[in-house]
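Notes follow once the structure below has been shown.
What follows is calculated from the coordinates using simple rules that are stated; it is not laboratory data. All values reported here derive from a predicted model rather than from experimental measurement. Cβ atoms come from the backbone with ideal geometry, glycine included; neighbour counts cover every protein chain shown.
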Amino acid sequence: MRWMKRSEASIIVVLDRLVLLLMLSILAAILTAATTLQYVFADIPCPLCLLQRVAMFGCCFGLIQQLHTGNNQHCRSNQERAMLAHNALMPDYLAEH
């Protein structure tokens, strides 16, 4: 973005944030509708539905983190923390491979 004017770069950042916010809103609406329908009709969700909801919550948290951090380059420390947590939770897997 060095070759762009400052106003063009800020417009791109705003559009990027709006797209992220739109994706987050759509995912939140889907999760809210699914949970509401489940409680209204007293349905028990199948295991695949539960797995999909967990994955969608994970996507929501990723979008929230991207909205929070933006284009900052200090995210490396967050990635290092995630790798440390993964290594702490799965020591047997690391020992085998």
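Length gained on full extension, Cys49 to Ile64: 3.2 nm, using 0.36 nm per residue less the C-alpha separation.
Residue exposure proxy: Val40, Val13, ordered by other Cβ atoms within 10 angstrom of their Cβ from fewest to most, comes out as Val40, Val13. Length available on full extension from Thr35 to Val13: 0.36 nm per residue minus the Cα-Cα distance, which gives 4.6 nm.
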